[in-house]
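Below you'll find the structure, written out as structure tokens, and then a few comments.
The values are calculated or read from the model by the stated rules, or taken from the named source; none is laboratory data. The shown structure was predicted, so the numbers you read here are calculated from the model rather than taken from an experiment. Don't worry about glycine lacking a Cβ; one is built from the backbone with ideal geometry, like all the others, and counts go over all protein chains shown.
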């Protein structure tokens, strides 16, 4: 029996970002769940990192069976899975162009200089991806149609942080880091640095959002890990 997959999106996104990947998982008979993180679902609520972790834990708690789970986090979702990944159901972590770093390394030191300019900051402290500038940073190797699809769904992101237990599942569990070499949001050099902490590192010649224009790559990796 294949292992289930749990998908955790990044900032400004939602479960919709996996819509081109999950039909391929379905075709392979792989069970999956996509988490809706509160910090992006209702940004004005002020949901924090801790709320996002709790959302992932709730999904893991509700999984049927007892097979170990493959937990994937994209971008900011890497921070979330690093803490939620200590759950007993998690057997393998996947970081897709994601943050994998200790609490002593701020995310701001790992992002590109272009990224802040592609955001619109709101009075409540949340931010949104600029419709005019977001493609160049987050979807730079995608088609205009790909970005139009994403832009229609992108949401505001709360930036509230909460004191966590500072757990780092990647220190004790098998992990794979997928470096996206054309990424203009989290530079490849920063990803390679973080990937050194993972058990396995692979590199794809893609931008920050391969789920949009190369879902087959994402699905193939997940299917392989699910069936291994």
What single numbered condition from (1) over 24 Å from residue 196 (Cβ atoms); (2) crowded, with 18+ Cβ neighbours inside 10 Å; (3) in contact with a helix residue (DSSP H, G or I) (Cβ under 7 Å, 6 or more places away or on another chain); (4) modelled with pLDDT of 95 or more fails to hold for residue 47?
(4)
Using the structure shown, decide if residue 62 is farther than 22 Å from residue 206 by Cβ, modelled with pLDDT of 95 or more and surrounded by fewer than 19 Cβ atoms within 10 Å (Cβ to Cβ).
yes
Out of all the residues in segment 58-104, which are in a helix (DSSP H, G or I), without any contact (Cβ under 8 Å) to a residue 40 or more places away in the chain and farther than 23 Å from residue 178 by Cα?
58, 61, 62
Just give me the residues in segment 194-214 being more than 14 Å from the chain's Cα centre (by Cα) and in contact (Cβ under 8 Å) with a residue 40 or more places away in the chain, in sequence order.
194, 195, 197, 198, 206, 213
Just one of the numbered conditions (1) part of a loop (DSSP other than H, G, I, E, B); (2) more than 17 Å from the chain's Cα centre (by Cα); (3) under 20 Å from residue 153 (Cα atoms) is not true of residue 23; which one?
(1)
Please indicate, with yes or no, whether at least one residue in segment 115-128 is crowded, with 20+ Cβ neighbours inside 10 Å, touching a strand residue (DSSP E or B) at 6+ places or on another chain (Cβ under 9 Å) and within 22 Å of residue 72 (Cβ to Cβ).
no
